[in-house]
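Enquirer: Dumping the structure here so I can ask a few things about it.
The values are calculated or read from the model by the stated rules, or taken from the named source; none is laboratory data. This one's a predicted model, so the numbers in the text were calculated from it and none came from an experiment. Heads up, the Cβs are rebuilt from the backbone with ideal geometry, glycines too, and the neighbour counts pull from every protein chain shown.
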Amino acid sequence: YVKKHGRSHYRFYREEMSHTFQNVVLMEAHLRRAIEFNEMSIHLQPQIDFETNEIDSFEALIRWNNPKFGFVPPSQFIPIAESSGLIIQIGDWVLEQVCKYQQQWREKGYRPVRIAVNISLKQFKQEGFAEKIKQILNKYDVNPKFIELEITESSMENAEETQAILRSLKELGVYVSVDDFGTGYSSLSYLKKYPIDIIKIDQSFIADLNKDEKNEAIVKAIIALSENLGMDVIAEGVEEKSQELFLKQHRCKKGQGYLYNKPLPVQDIIEQYLVK
Ligand code: C2E
Ligand code: MG
Ligand code: MG
Ligand code: MG
């Protein structure tokens with residue numbers, strides 16, 4: 001007893017730990033049934049083309065509303081989905097939903113738009129990933145050029161394996177982008193080796209534009225780099241007109257951020273953005 005008391009600090013620490021741990025275990029259990037229980041949905045965020053000032057593509061961002069936990073942000077549940085392996089099932093679901101929208105929209109006669117889907121490392125490296133994409137595209141009869149796969153720099157690390165996967169994705173005809181570019185601490189040499197179509201400048205560099213000259217230098221360099229490599233470039237997290245001005249002045253191709261719109265439910269996207 002006495003001994004236990006004397007270790008109250010230690011005990012407190014342990015309780016904190018186990019509380020967090022239990023929460024993660026519980027959240028994982030709920031996550032496991034989330035699709036089946038209809039708790040997942042997809043929001044779409046518009047991307048604007050700076051040349052035409054038109055919205056011609058969207059990014060799909062998953063949303064989870066659970067009765068016990070409420071709205072859980074992806075930053076909280078995606079890591080749990082990754083460590084538990086559930087990301088495969090969840091990722092398949094997102095891809096399938098996006099292809100379903102594409103099919104429905106085409107049948108209704110809307111002008112086609114590209115939709116970008118976030119792909120986590122585990123998904124990307126799963127056996128037969130490209131084949132799976134192909135099957136989903138076929139199932140919904142979607143033209144691959146209207147699907148973009150967003151991959152982070154961490155997926156680019158294992159050279160040989162990555163090259164093979166990216167090649168088979170390119171053969172399918174889907175677009176491939178590097179998400180959160182500039183935050184991955186990885187070597188730039190992969191850019192010349194891999195068939196990458198689009199660079200997405202991480203929002204952290206955009207946030208302090210016009211306030212921090214170093215960020216301006218980095219953003220200019222990324223735009224120049226992508227131009228020289230023949231890739232498209234989009235800025236994430238554009239919130240202010242001044243940021244847009246800077247990006248346009250330096251010939252950034254596209255932008256995405258709250259300045260244009262936040263990620264919206266699919267019905268809102270149809271009403272606000274799709275044209276026949
Ligand atoms: P991301 O792919 O880099 O997505 C951009 C994030 O920035 C989104 O957060 C979006 O809502 C937010 N955002 C957009 N515009 C602005 C802006 O102007 N200012 C600020 N401050 N933020 C902005 P969200 O939806 O919470 O997603 C967070 C991350 O979760 C995503 O980052 C992505 O890595 C991951 N994620 C989301 N959906 C999926 C998915 O379906 N599969 C996988 N594997 N990951 C996903
Ligand atoms: Mg993304
Ligand atoms: Mg990301
Ligand atoms: Mg990003």
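Enquirer: Can you name the residue in region 135-179 that is of a type in the set (D, E, K, R) and within 16 Å of ligand 2 (Cβ to nearest atom) and, of all such residues, is farthest from I234 (Cα to Cα)?
Expert: If we take residues in region 135-179 being of a type in the set (D, E, K, R) and within 16 Å of ligand 2 (Cβ to nearest atom), then E153 is farthest from I234 (Cα to Cα).
Enquirer: Among I147, I119, I115, I198, which is the only one that is within 16 Å of ligand 1 (Cβ to nearest atom), under 20 Å from P46 (Cα atoms) and in contact with a Phe, Trp or Tyr (Cβ under 6 Å, 6 or more places away or on another chain)?
Expert: Result: I115 is the single residue among I147, I119, I115, I198 that is within 16 Å of ligand 1 (Cβ to nearest atom), under 20 Å from P46 (Cα atoms) and in contact with a Phe, Trp or Tyr (Cβ under 6 Å, 6 or more places away or on another chain).
Matching residues to (1) in contact (Cβ under 8 Å) with a residue 40 or more places away in the chain; (2) of a type outside the set (A, V, I, L, M); (3) farther than 20 Å from D197 by Cα; (4) in contact with a strand residue (DSSP E or B) (Cβ under 6 Å, 6 or more places away or on another chain):
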| position | (1), (2), (3), (4) |
| --- | --- |
| S120 | yes, yes, no, no |
| K125 | yes, yes, no, no |
| G128 | no, yes, yes, no |
| Q135 | no, yes, yes, no |
| N138 | no, yes, yes, no |
| K145 | no, yes, no, no |
| E148 | yes, yes, no, yes |
| S154 | no, yes, no, no |
| E161 | no, yes, no, no |
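Enquirer: Would you point out which residue out of Q104, Q97 is buried (at least 18 other Cβ atoms within 10 Å of the Cβ) and either part of a loop (DSSP other than H, G, I, E, B) or modelled with pLDDT of 95 or more (or both)?
Expert: Just a single option satisfies the conditions, and that option is Q97.
Enquirer: Among residues belonging to region 221-276 that are within 16 Å of ligand 2 (Cβ to nearest atom) and in a strand (DSSP E or B), point out the one that is surrounded by the most Cβ atoms within 10 Å (Cβ to Cβ).
Expert: That would be A235.
Enquirer: Can you name the condition, by its number, that I196 falls short on among (1) within 16 Å of ligand 4 (Cβ to nearest atom); (2) within 14 Å of L247 (Cβ to Cβ); (3) of a type outside the set (D, E, K, R); (4) at pLDDT below 95?
Expert: Exception for I196: condition (2).
Enquirer: Given the structure, is S204 within 16 Å of ligand 2 (Cβ to nearest atom), part of a helix (DSSP H, G or I) and surrounded by fewer than 16 Cβ atoms within 10 Å (Cβ to Cβ)?
Expert: In short, yes.
Enquirer: Oh, and also: Criterion first (in contact (Cβ under 8 Å) with a residue 40 or more places away in the chain, crowded, with 18+ Cβ neighbours inside 10 Å and of a type in the set (V, I, T)) does I196 satisfy it?
Expert: no
Enquirer: Follow-up. Given the residues T162, T183, which is the only one that is within 15 Å of ligand 1 (Cβ to nearest atom) and either of a type in the set (G, A, S) or modelled with pLDDT under 95 (or both)?
Expert: Just one listed residue meets the conditions, T183.
Enquirer: Consider E82 carefully, then state whether it is under 20 Å from E150 (Cα atoms) and touching a Lys or Arg at 6+ places or on another chain (Cβ under 6 Å).
Expert: Yes: the conditions hold for E82.
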